[in-house]
Structures are given as C-alpha cells and as structure tokens.
Amino acid sequence: MSDDLKGKALKGLKWSSLDRVVQQTIQTVLGILMLNLLLPETYGVIAMLAIFNVIAAVLLDSGFSQALIRIKHPTPAHYSSIFYLNISISILVYVILFFSAPLIASFYDIPELTNISRVLFLTFIINASGSIQNTILVKEVQFKYLAKINFISLCISGLTGLYLAYLGYSVWALVFQSISLSLSKVMLLWLYSDWRPKKIFSLTLIKEMFSFGSKILLQGIVSQITGSLYSLIIGKYYDATQAGYYSQAQRYSMTPAEIVQAPISSVAYPILNQLEKNDIERQRRAFRKFLKIMAFIAFPSILGMAFIADEFFTLLVPKKEWIFITPYLKILCLNSLLYPINTLSIQMLMTHGKSQKILNIEILRCISCLLMILLTINHGIIFSLWGTCIINLSFALWNTAVASKIIQYKLKDFCLDVIPFLALTIFSLFCTYYITLGIDHLWLKFALKILVCMAIYFFMLKILKAKIIEEAEELFRNKIKHI
C-alpha cells in the first residue's frame, strides 16, 4: 500500500471509528431516555413501516453509490446524472407510497398509519438530495466532515424527539425525530461539500453504472426485505407491542456490531478498491488485517451485550412495559455475531465485480429465512428467531468462504485468525459469570460484568502474546505494515 493510501486509510479509520462510537453513544443515551417515555407499541407502529422505509431507501440509492466509489475517476457527469436520477426516483416513490398509505393502514388495521406514513416517507426526498455529497465524502475518505455532520444532526434530531416525547406526542415524536435527522444532515452535507449538481444528464453513463449497480440494488432490496420480515409479520399476526420489542431489541443488538463494522468497512471498501485486482497477495493481507481487527473487537462486544442484557434493561429502562425485551435481545445479539465479518466479505466480492454472486446468495438467504419464519412463527416468536439466527450465521460463513476463495485465503488461516478471539470471548464470559454469580446488587453486578470480562479478555491476550494488540497499536500510531 502506498504511503498516501496508508495515510488515507489511517486518518479515515480514526475519524470513522470516532464517528461511529459517538453516534452509537448519542443514540443509546437518547434512545434509553425515550424508552422511558414511550411504550413498546409506539415503537411497534413505526417498526411496521420499516419494510417500506428500507426498500425505498435502497431504491433511492439503486446501487449507484457503490458504483461511484468503485469508479476510479468519476466525472461531473457521473455525479450530476445520478443526483437527478435519485431526486426523480425519490419523488416517484413518495407519490406511490402517499397514495398507498390507506392500504398500509388497512393491512395492519391501524387507521393512524395513513397520516403517519405520509409524513414519515418525506425523508425519502430529503435524503435523496444529499446522497451524492455523502458518497463523495466517503470516496475521498473525508470521514472527519462526516463525523461532524453526523454528530450535529444526531444531537438536533435526538433532542427534538426527546422533547416531543416528553410533551406526550407519542408516535409523532419518533416521526419528527426522523424528519429532523434527515433534514439537518442534508443541510450540513450541502454546507460541508463543495460539490453542486451541473446541468448534465447522461443516460449512457447511468446504463454503464447500472450494469454493476443493478445487482447491488437487487441484493440490497432482498437483504432489507429479509431484515424487515419480522416487523411486518409480528405487526400483522401479533401486535404492535411485540413489534416494538423486536425493533428495539434489533436496534440494541446491532449497536456493538455497527460500532465495529461501520468504521472499518467504510475505510476498507475504498482501500480494497484501490488495490490492483491481480495483486491477490496484498488483497489477502489487507483482508486478513481488517478481519482480525473486526473479530478482536466484535466478538466480545456483541456477546458481551447479550451477557449484560438483563441488567442493562432492568437498570436503565425500569419501565415495566419493557421487561420482556431481553429474550429478543439475547438471540438477536447472536444473530449479529458475524455481521461485521459478513459485511467485509461482501465488500471483497464487490471489489472483484461479483455482484451476481452476492445477489444469488442473498436470494437464497431470503427464501430460507422466509420459509423458516412461516414454518416456526406459530410456535412463538422466540422459537422462530432461533431458526433464522442459525440461517443468518450459516449464510455469513458462506459469503466469507466465497470471498476467501477469490483471494486464496485458506480455511486453516481463517480459523487461526478468527476462532481464537471467539474462544477467548467465551472463556472470559464464562469466568465472569461465575465470579459475579453471587452478587445481588444490580449496579455492582452490571459494572463488574463489564470490567471483569474486559480484564480477563485482555489479560489472556497478553499472556498468549497475541499480535492483534501490537497491530491495533500500530494502526493508531500510523504504522500499518505489510499491506
């Protein structure tokens, strides 16, 4: 890796990591405060619209963001053409969903969803107007600006939602929280970015990018449908309260996974794209370095969240209506265990133009999850979640195996890179469980579970002289080696 590329990677990783940690911290703190003000069914109502939100979001992007990042030297015509296309699609999608709102409300038998959805879906048009600026900042590894934008917009939207929830606006507090987040973020993107659309529109360029972007589009739609199936099915066949439990458990189970995955992946994809495709050795070294850092942080973070779930919600969300969320949270933490590694593997496949392969695997995962849900949902939500958890973990390993084959990354090396961190995490959790077993004071137990587990984990890494600690130290001392 050239010195310039190393510098970009390091600077980007630091700012992206800081951005993700700050984002998740703000969202967690404000989220906990709002959980104490709102009921599970309030979140459940918004969760019922999740499938429409995520599909629309993927349609707006259409895979073009990834395509633009993948292009070595995109021209102003590339950016402007996609900008106008995104705006046009967003308006079209909003109009369709605006007139479909009564049907959505009728499907769930909740009349209030008509007005709620019509207001909430305005975020599609707002987000579309800032998508190119966001893509440019990511492509140029300008995560310092993105960190500032995300921090300010999260504070504005979080305080807006919290204030409205305090005043008793219930579900509308969540709606306007989303609107204020999109609006403030887009305004800041236009302020920080020098890019402005030109009067250029090239259908030829769009067709060229769509050949790659279409596969990413379909993969994204399939992936988002799979992820939103539970909210739709629970909302339809159970009730808004259960949908609320699931949506918030999903959110907090993904918090540690996102903290690990997002900063590394946002840096890894542009970096991997800049490496020569025929230089398999350098690609493999880069992939392994990113993978080990992910495993080193992800396994203790994600499994640790499941480990402290009971104390976390009992202490921080004492409202009795939320008492039944922890079983959902524990299973969904396991479900997200390989999420960071899976994302990195998909990015490696994308750098080699294997979007069709990604799409095929994602379609099979979606079909498998849908069949599992249909076969098990009558046995209870918890039982069904265990089934889809096993499927998602299996397909994550499949994606990793396919990516590993391309860069000649042997199974033995993968096991040596990843399994030790999983084993040390399980050992640390096991020891901590027995150390804290007899403690009745919840705050003391909560604190000790975190501190003791971390102490054992890092102590064992030191004892075993794990190189990952040195690599992490090198990473933040601007000394990435052997990539």
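Quick notes on this one:
- When the range 164-197 is filtered for residues that are more than 16 Å from Ile126 (Cα to Cα) and either assigned to a helix (DSSP H, G or I) or in contact with a helix residue (DSSP H, G or I) (Cβ under 7 Å, 6 or more places away or on another chain) (or both), the ones remaining, listed by number, are Leu164, Ala165, Tyr166, Ser170, Val171, Trp172, Ala173, Leu174, Tyr192, Ser193, Trp195.
- Only one of the listed residues (Ile302, Ile323) is without any contact (Cβ under 8 Å) to a residue 12 or more places away in the chain, in a helix (DSSP H, G or I) and touching a Ser or Thr at 6+ places or on another chain (Cβ under 9 Å). That residue is Ile323.
- Taking the criterion of being open to solvent by 10 Å² or more (accessible area, probe 1.4 Å) and closer than 16 Å to Tyr94 by Cβ, the residues of the range 124-139 that qualify are Ile125, Ile126, Asn127, Ser129, Ser131.
- Residues in the range 217-228 that are open to solvent by less than 20 Å² (accessible area, probe 1.4 Å) and either among the polar types (S, T, N, Q) or modelled with pLDDT of 75 or more (or both): Thr226, Ser228.
- Residue in the range 398-421 that is at pLDDT 95 or above and hydroxyl-bearing (Ser, Thr, Tyr) present: no
Conditions (1) open to solvent by less than 90 Å² (accessible area, probe 1.4 Å); (2) part of a helix (DSSP H, G or I); (3) among the charged types (D, E, K, R), marked per residue:
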residue	(1), (2), (3)
Glu362	yes, yes, yes
Ile419	yes, yes, no
Thr425	yes, yes, no
Asp440	no, no, yes
Leu461	yes, yes, no
Glu470	no, yes, yes
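- Of all residues in the range 275-310, those that are over 17 Å from Ala403 (Cα atoms) and open to solvent by 10 Å² or more (accessible area, probe 1.4 Å) total 12.
- Qualifying residue in the range 30-50 (condition: open to solvent by 30 Å² or more (accessible area, probe 1.4 Å), modelled with pLDDT of 85 or more and of a type in the set (S, T, N, Q)): yes
- Qualifying residue in the range 84-101 (condition: within 29 Å of Ile358 (Cα to Cα), among the polar types (S, T, N, Q) and either open to solvent by less than 40 Å² (accessible area, probe 1.4 Å) or in contact (Cβ under 8 Å) with a residue 12 or more places away in the chain (or both)): yes
- Subset of the range 377-417 [of a type in the set (S, T, N, Q) and open to solvent by less than 20 Å² (accessible area, probe 1.4 Å)]: Ser384, Thr388, Asn399, Thr400, Ser404
- Scanning the range 314-330 for residues that are at pLDDT 90 or above and open to solvent by 10 Å² or more (accessible area, probe 1.4 Å) yields Thr314, Leu315, Leu316, Phe324, Thr326, Pro327, Tyr328, Lys330.
- Any hit, the range 340-357, residues being open to solvent by 20 Å² or more (accessible area, probe 1.4 Å), more than 30 Å from Lys72 (Cβ to Cβ) and not hydroxyl-bearing (Ser, Thr, Tyr): no
- Selection within the range 427-438 - buried (at least 16 other Cβ atoms within 10 Å of the Cβ) and part of a loop (DSSP other than H, G, I, E, B): Thr436
The values are calculated or read from the model by the stated rules, or taken from the named source; none is laboratory data. What you see is a predicted model, and the numbers here were worked out from it, not measured in a lab. All Cβ positions, even for glycine, are placed from backbone atoms using ideal geometry, and neighbour counts span all protein chains on display. All accessible areas refer to the heavy atoms of the entire protein, side chains included, with ligands and DNA or RNA removed. Shrake-Rupley method; radii C 1.70, N 1.55, O 1.52, S 1.80 Å.
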